[in-house]
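Accompanying notes for the structure given below.
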2 protein chains.
Amino acid sequence: MSDPLFDRLTLIGIGLIGSSIALAARQHGLAKEIVVSTRSEATLRRAEELNLGDSYYLDAAQAVEGADLVILCVPVGANEGVARWIAPALKQGAILTDVGSTKGSVVRQVQPHVPAGVHFIPGHPIAGTEHSGPDAGFASLFENRWCILTPAADIDPAATEKLSAFWRACGSNVDTMDADHHDLVLAIVSHLPHIIAYNIVGTAADLETVTSSEVIKYSASGFRDFTRLAASDPTMWRDICLSNKDAILEMLARFSEDLSALQRAIRWGDGDGLFDLFTRTRGIRRSIIEAGQETDAPDFGRHQSKS
Amino acid sequence: MSDPLFDRLTLIGIGLIGSSIALAARQHGLAKEIVVSTRSEATLRRAEELNLGDSYYLDAAQAVEGADLVILCVPVGANEGVARWIAPALKQGAILTDVGSTKGSVVRQVQPHVPAGVHFIPGHPIAGTEHSGPDAGFASLFENRWCILTPAADIDPAATEKLSAFWRACGSNVDTMDADHHDLVLAIVSHLPHIIAYNIVGTAADLETVTSSEVIKYSASGFRDFTRLAASDPTMWRDICLSNKDAILEMLARFSEDLSALQRAIRWGDGDGLFDLFTRTRGIRRSIIEAGQETDAPDFGRHQSKS
């Protein structure tokens, strides 16, 4: 194994993403020392039981002292408070990054607090499961997934390259782009799907003509795929909706417009229009499978595991 | 192995469902003889290459001669034509059933053609994958899945019980209910999810600000789950939309109403309202997993297969 990229890595927040980074960094030898901090005493104790780090602090400012890489792994709504807290304690030359699903808001909340001489490079590893908390993490979470970095124009390219190397060592492919463009892309590939999933599960729960137990029993016919997304962490998703409001509303408006047209085609029995749309969408899945972002196993391989 | 339930089983249509029934019936010894019929010569030849049956006919009327169980495995829109074609050739005492995802329309299309002395019991095995065609079938498709039968009030209970025994032998749990209630239940658990999935994939494909290659690259963040549903057979889904129009439009209206409320909560920054909805939906997934209709593996176990 080569020399560690960083001497001291500090993780603020130790949920699914934080704990997965801890395990991946340890497995690949990316830091000499891993420092874990979280504001909940119970979670911090649990992280220690799981042996996720080398030292543990409730005080985030203490935790970042001497760290050359600090990763904020808290819900996006909590970034500003943490940034204000740790700013005076950050080491000169340190790299500060985050893992939030929105980037424009993180820049607005964190950037004003970053001291001169600290390299703030917002980041977003596009990986996750529907589970949360320090027990949910696993070292391979980032393998073959994309990680997007959105460095401002004046950031030292060497710092960006060092952070990219960290993510590549965790198994990720790294892309850089503008924070605003990131937010638009994620609004369609992630935020809208989750919002739609939450919405349909809510609609189903409120019906009077169909009971919840029927919905549960017959969910294998399509509904259950949505429930996975709708079981994601509520705090995280509330914060995403509030932080990426404009891009989400833009995508929601387009989605609703398209849905109205589809509804009209159903009402008027426009079979050709329906067939065209239902054919066109097949190609996109093929491309996703070819791009290595998905398995080709039928039903995600759920059946295979049983036979 | 006990005596076969049926002497001659005829399958009209040999796509994903038909071929899976053929394989399951063979594996569990449910019929002495399996007859396969489909209108496409190429598909019939492929079924023969796959050894799915004992004999093969392009002529559906010839195929049902002497059969004591006939299962229509064609898209729901094709049922009426097939029913008219085979009606004169059906054996007295035979059971006639189908596998369509809508039941009211099948009753309307098929019932008028059913000769006296033939037991017509509409059916719907709630199982499937996004793949189609005779190569897509596998014997375990129906295991631990529900099959709904919707016999009319005047149907001989012995016939319903015999058909139920067939599905139970394929590994399914069997429920009976009213055809109209079936259509309402399926509209929410299956038809709406597929329509929404088709719609969002269509919306994403039409954006100017985000490229298709970006959508494909970053799809792991939620979008790709929808693409699985949106890759389902277009003919089948066109027919479902046309055949279950009223129930689908009813569910779509409720969904859109709820989505407007959610959109409003995002626009006005109603964090508490968002958090409440996002919390409520978690419980439904837990129930689905407890009911054995889903795996608890994070991300459907997609990650596990790699580590």
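Any read-out appearing in this document is the output of simple, stated calculations on the displayed coordinates, not a laboratory observation. This one's a predicted model, so the numbers in the text were calculated from it and none came from an experiment. Using ideal geometry, Cβ is built from the backbone for each residue, glycine included, and neighbour counts are taken over all protein chains shown.
Put simply, segment A:19-60 fits an ellipsoid with semi-axes of 18, 10, 7 Å; these come from the alpha carbon gyration tensor as the roots of five times its eigenvalues, largest first.
In this structure, the amide hydrogen of A:Thr10, modeled 1.01 Å from its nitrogen in the peptide plane, lies closer than 5 angstrom to those of A:Val35, A:Leu69, A:Val70, A:Ile71, counting only residues at least 5 positions away or on a different chain. Pairwise Cα separations in segment B:181-294 fall into 10 Å bins from 0 onward with the following percentages, short to long: 11, 31, 42, 16, 0. When A:Glu161, A:Glu143 are arranged by Cβ crowding within 10 Å, least crowded first, meaning fewest neighbours, the order is A:Glu161, A:Glu143.
What percent does the relative contact order of chain B come to when contacts are Cα pairs within less than 8 Å and at least six residues apart?
Working: 482 pairs, mean separation 46.5, N = 307.
With pairs under 8 Å counted, the relative contact order is 15 percent.
Under a 5 Å amide H cut-off, with hydrogens placed 1.01 Å from N, B:Lys91 pairs with B:Gly66, B:Ala67 among residues at least 5 apart or on other chains. Compactness check for chain A: Cα Rg over 2.2 N^0.38 Å is 1.10.
Find the eigenvalues of the gyration tensor of the Cα atoms of the protein assembly as shown, then list the square roots of 5 times those eigenvalues as equivalent ellipsoid semi-axes, largest first, in whole angstrom. Provide the component values of the computation, followed by the final result.
Values: eigenvalues 541, 112, 83 Å².
For the protein assembly as shown, the ellipsoid semi-axes come out as 52, 24, 20 Å.
With the convex hull of the Cα atoms taken as the outline of segment A:79-126, the averaged projected area works out to 3.0 nm².
Taking one quarter of the surface of the convex hull spanned by the alpha-carbon atoms of segment B:64-143 gives a direction-averaged projected area of 5.7 nm².
Mind pulling the angle between the C-alpha long axis of helix A:234-243 and the longest principal axis of chain A? Nearest 10 degrees, somewhere in 0 to 90. The answer is roughly 90 degrees. Copy-to-copy label distances for A:Glu65, where each label lies 7 Å from Cα along Cα-to-Cβ, are 9.3 nm in order of increasing length. Its relative contact order, with pairs defined as Cα atoms under 8 Å and 6+ residues apart, puts segment A:1-149 at 27 percent. Applying Stokes-Einstein at 20 °C and 1.002 mPa s to the Kirkwood radius of segment A:6-177, computed over alpha-carbon pairs, gives a translational diffusion coefficient of 138 µm² s⁻¹. Across segment A:28-34, rounded Karplus estimates of 3J(HN,Hα) from the backbone phi angles (6.51 cos²θ - 1.76 cosθ + 1.60, θ = phi - 60°) give 9, x, 8, 8, 5, 9, 10 Hz, Gly and Pro being marked x.
What does the charge count around B:Phe275 come to, taking other residues whose C-beta lies under 12 Å from its C-beta (Lys +1, Arg +1, Asp -1, Glu -1)?
Details: positive: A:Arg238, B:Arg280, B:Arg282; negative: A:Asp233, A:Asp239, B:Asp270, B:Asp272, B:Asp276.
Neighbour charge sum, excluding B:Phe275 itself: -2.
Distances between equivalent label points of B:Gly271 across the copies, with each point positioned 7 Å along Cα→Cβ, amount to 5.3 nm, shortest listed first.
For B:Ala247, the shell of other residues with beta-carbons less than 10 Å away shows a net charge of -3, using +1 for Lys and Arg and -1 for Asp and Glu. In order along segment A:43-54, the Karplus-derived 3J(HN,Hα) couplings, from 6.51 cos²θ - 1.76 cosθ + 1.60 at θ = phi - 60°, round to 5, 4, 4, 5, 4, 5, 4, 7, 6, 7, x, 9 Hz, and Gly and Pro are given as x. Given the protein assembly as shown, what percent of its DSSP beta bridges are antiparallel, to the nearest 5? Around 10 percent of the beta bridges assigned by DSSP in the protein assembly as shown are antiparallel ones. Straight-distance candidates among the lysines for linking to A:Lys103, with alpha-carbon spacing under 19 Å and chain neighbours fewer than 8 residues away dropped: A:Lys245, B:Lys217.
Counting only aspartates and glutamates at least 8 places from A:Lys32 when in the same chain, those with an alpha carbon closer than 16 Å to its own are A:Asp3, A:Asp7, A:Asp54, A:Glu65, A:Asp68.
For segment B:240-296, take the convex hull of the Cα atoms, compute a quarter of its surface area, and give me that in nm², please.
Values: hull surface 22.6 nm².
Seen from a random direction, the Cα hull of segment B:240-296 projects 5.6 nm² on average.
With its label point defined 7 Å out from Cα along the Cα-to-Cβ axis, B:Pro112 lies at 7.2 nm from the matching points of the other copies, in increasing order. By the equivalent-ellipsoid construction on the alpha carbon gyration tensor, segment A:112-157 comes out with semi-axes of 28, 14, 8 Å, ordered largest to smallest. Whole-Hz Karplus values for segment A:212-225 come out as 4, 5, 5, 4, 5, 4, 9, 5, 5, 7, x, 4, 5, 4 Hz, taken residue by residue from phi with 6.51 cos²θ - 1.76 cosθ + 1.60 and θ = phi - 60°; glycine and proline positions read x.
Counting Lys and Arg as +1 and Asp and Glu as -1, what is the net charge of the other residues whose Cβ lies under 13 Å from the Cβ of A:Ala47? After counting each charged neighbour, the total is -1.
Residues whose amide H falls under 5 Å from that of A:Asp98, counting only those 5 or more places apart or on a different chain, are A:Leu72, A:Gly123, with hydrogens built in the peptide plane.
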